[in-house]
């Protein structure tokens, strides 16, 4: 469960390492281009997080190099640059995803999971949490082996919560993850609440205990503890 | 008005005016001269006639050469006076019409008897001459004017050619591209203009580049500390040791930092549009784009029970523009229509050839219509948005010369975008 993080901002690097560690990931750190090149082959990484603005070299070159060396790894570009051309350029260089700074750590984790799923398991696996199991490839969700009918957004939300199990995820991060730039644009996050309510209702109707805990209005926590 | 047209017109009016005045003076002078000539001739004839008076009593002396008509009257009363010149009309039997004559009238004494003598001379030949000369002059003037026009054109092409080439090059100048380079010019004023222009465009291109770099850097430099605050607060939230109070503080920090980062990226976007950094052009089917965005906003629309009515014209409306900007335009217009709607309200989307009309229910504006597209103007009751959405829309429209209009009528806000100016 190794992840390579290439990022020159020490504080941000630390945050990412700490948050990913909570998820059980071990991180290899590189704060400049040359260090990154040196540790590129050190482990068999699940995922590589690469900043585009690096001291000593171009992040895009690093992406190309990483793609040549480790074809099985997922690559996520983390960059402050947010234009379509730059995204396209990044994806063409071989990245699997492009995350714009500043991002939510919960979103980063969800993307890491999803990229790892796509590249490693070829998407064919089953994610389970308590009595819930989700087959991302088929867009289907089961509770106690009974299929639950969820909309696309509800399923994405469930998978996001599952990726961030036992963590507090903020309303903003859910909104940004599911609705992208439209997430925060409405000045209110009521729609997140409405959606989550629908999801909880559907799951509970199928016989699933309520795993969602409301944390002081700041966000939600998805954990097995709550039901106990 | 074109420079050539203007200068030609000016030359034409001025020279016509000048020639008119000159013509009148010339005509008068010529007339007076011919009259004086005639008078001198009449005066000479007077001497001759005086010599003959008495020889031919009461008979007009027609046989004398140069005299067209003569009248001699014997006077009972003797009058001594000077000769008088005058003009008169006489009927010409041959041509059966009146003709003008110049005459000299004088008194003569011969052998104790007094006579009043009038010698007439036709003005016809001199009039004819004056007429001819005037006609010739007019013809010359016309020829001269034509010559001036042709010459003017020729001089123009020669003299101003460099100037027109400079204008052509300036028209093609874009701040995002290289500064204008013009060849050296031999007319001093144009050479000065060239130097000034080159200096100016170089400066513009340079300023543009610097501004672009500045925006890029600011965005980047701001995003990184924002990313740090965001990630740290998110980590802090995970802590088990925090109570309700601390969590509330964290939530406030979290919300603000999210707003700040959205504001930052939106402002950067506005600057990028202003700098014309979106130059890709692709064919965009407007109704497809609308459907796509409605799909993305489905939850928000459903949440507020908003009905969406689509009245798409059977001819698809295809725009040639940057995909990103098209998304911005439609996305922000739709977002606006949803956010400023009422619960259970409606949105009407209508496409016509070259036109998109978007109507939504909603309370009237709390500020003046003119401010609608300005930055940071927003409904004071609403929090969380910055009032930048419509200025983004406006900027996109400006980029492509689309015309956007807003009206409020019957509790409905209407935005009309005309794509063909």
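Values quoted throughout were computed directly from the atomic coordinates according to the rules given, and no laboratory measurement underlies them. Computed from a predicted model, the values in this text were never measured in an experiment. Cβ placement follows ideal geometry from the backbone for every residue including glycine, while neighbour counts extend to all protein chains displayed.
Taken over segment B:282-418, the ratio of Cα radius of gyration to 2.2 N^0.38 Å equals 0.99. In whole angstrom, note down how far apart the Cα centers of segment B:185-208 and segment A:106-177 are. That distance is 62 Å. Rounded to the nearest 10 degrees, the inclination of helix B:389-400 to the longest alpha-carbon principal axis of chain B is 40 degrees. Compared with the dominant Cα axis of chain B, that is its longest principal axis, helix B:244-274 is turned about 30°. If R0 is 45 Å, what FRET efficiency do you get for residue B:200 and residue B:260 from their C-beta distance, rounded to 0.05? FRET efficiency, residue B:200 to residue B:260: 0.75.
The orientation-averaged projection of the convex hull spanning the C-alpha atoms of segment A:2-120 amounts to 6.2 square nanometres. One equal scatterer on each Cα of the protein assembly as shown, no solvent, Debye formula: the resulting log10 I(q)/I(0) at q = 0.06, 0.09, 0.11 Å⁻¹ is -0.54, -0.91, -1.18. Taking every pair of Cα atoms in chain A, average 1/r, invert it to obtain the Kirkwood radius, and report Rg/Rh to two decimals. Value, to two decimals: 0.98.
Fewest neighbouring Cβ atoms within 10 Å first, the residues B:160, A:179 line up as B:160, A:179. What's the long-distance tail for segment B:3-135, i.e. % of Cα pairs beyond 24 Å? Tail fraction, whole percent: 47. Put the Cα centre of segment B:147-175 next to the Cα centre of segment A:78-94 and the gap is 47 Å. Model label points for residue B:116 and residue B:10, set 7 angstrom from Cα along the Cα-to-Cβ axis, are 6.2 nm apart. If R0 equals 51 Å, the separation of the Cβ atoms of residue A:225 and residue B:367 corresponds to a calculated FRET efficiency of about 0.55. With Cα atoms defining each centre, segment B:320-334 and segment B:261-285 are spaced 10 Å apart in the structure.
Its residues counted as N, segment B:225-360 yields a C-alpha radius of gyration over 2.2 N^0.38 Å of 1.39. Taking Cα atoms only, the orientation of helix B:188-237 departs from the longest principal axis of chain B by about 20 degrees. Taking one quarter of the surface of the C-alpha convex hull of chain B gives a mean projected area of 43.7 nm².
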